[in-house]
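Participant: Mind having a look at this structure? Questions to follow.
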Amino acid sequence: MTSIGYGSRKSHATVTAGVTLTGRRFKAEAMKVFNINGATLSLALYTDVTNSKELLESMQAGTLEREVAFLNALLIPDVVPLLAAAHKTLVAKSRDSLTTRTLHSELIYNYSGSKHISESLKRCGISDNTTYILAARFDATPNEIKAIEKLINGKEIELEELERRANQSRMQKHYKIYAPELGVSSLADAITCRIASRDAL
C-alpha cells in the first residue's frame, strides 16, 4: 500500500510495489511537486479558465513554449490515480516504448485507462470549452513552472479541491465503475486499479 500525503489529509491507493511517491508544496501558491522514482511531477489546478480553446490549438499545432499536459479535472477525484498514470508513463519512457508522441500526451493517455489514443486524449484532455483544468509537467524547473502559470487564464486553487469538484457520474461512466464496487472501494482506488491493469486486459 503506497501512501501519498498532501495538505492536511492523506490518500491511499495500491500503486506499483516499490514506488515511493511524496508530495511537497513548490511555493506559497497551490502548485505542488511529487517525487516519482527519481523524477518529479508538478501539478496545478485551475478553475474559471477562459482560454482553453487557445491552449488546445497551441498543443495541436505544437507551438506551446513549454510541453505540458492539460487534463479535464472533472475526471480526477484525487492525485493518486494521476500519480499512478505518471509512474506508468515514466516506465514506458525508460523502455523507449511510449504509445503517444510526447511524454505529456502519454500521461493523459495512461490516465484514461483506455487503449484508444484519440478517444483517450479527447475525453481526459481539454476541449474548447473546458473551464476546470489540471496542469501537469514532468521535471519542471522554477522558470518552466512560471511559464506554465502564465499560459493559463484562470484561478489557481488547491489540489484538495479535486475530490469536492470531481464529477462522479462522469467518472463512473468513463471507467465503468458500478455501485457495488464503490461499496468496498473508493472512486480513486477504482480508477487507479483500471489504470494499472489496462495493458493486462
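Participant: Over the Cα atoms of the range 103-179, how large are the radius of gyration and the largest Cα-Cα distance (Dmax), in Å?
Facilitator: For the range 103-179, the Cα-based Rg and Dmax read 14.1, 44 Å.
Participant: On alpha carbon coordinates alone, what is the Rg over Rh value for the range 46-113, Rh being the Kirkwood radius?
Facilitator: With Rh from the inverse mean 1/r over Cα pairs, Rg/Rh is 0.98.
Participant: Skipping prolines and chain starts, which residues have an amide H placed within reach, meaning under 5 Å, of the one on GLY125, given they are 5 or more residues away or on another chain?
Facilitator: Here the answer is ASN72, since their amide H atoms fall under 5 Å of that of GLY125.
Participant: Starting with the highest mean, order 123-136, 45-58 by the number of other Cβ atoms within 10 Å, averaged over the residues of each peptide.
Facilitator: 123-136, 45-58
Participant: First measure r as the distance between the Cβ atoms of ASN129 and GLU158, then evaluate 1/(1 + (r/R0)^6) with R0 = 30 Å and state the FRET efficiency to the nearest 0.05.
Facilitator: Working: r = 24 Å, r/R0 = 0.79.
Computed FRET efficiency for ASN129 and GLU158: 0.80.
Participant: Just add up the charged neighbours of ALA92: K/R +1, D/E -1, any other residue whose Cβ is under 11 Å from the Cβ of ALA92. Working shown, then result.
Facilitator: Numbers: positive: LYS88, LYS93, ARG95; negative: ASP96, GLU106, ASP199.
Net charge around ALA92: 0.
Participant: For the range 103-108, take each phi angle, set θ = phi - 60°, evaluate the Karplus expression 6.51 cos²θ - 1.76 cosθ + 1.60, and give the result in whole Hz per residue in order, putting x for glycine and proline.
Facilitator: 4, 7, 6, 5, 4, 5
Participant: A follow-up question, please. What residues qualify as long-range amide H neighbours of ILE157, i.e. H under 5 Å apart, gap of 5 or more or another chain, H built at 1.01 Å from N?
Facilitator: Excluding prolines and chain starts, which carry no amide H, the hits are LEU45, TYR46, THR47.
Each reported figure results from applying straightforward, stated rules to the coordinates on display, with no laboratory input. Please read all numbers here as calculations on a predicted model, not as lab measurements. Neighbour counts are summed over all protein chains in view; Cβ atoms, including those assigned to glycine, are modelled from backbone coordinates with ideal geometry.
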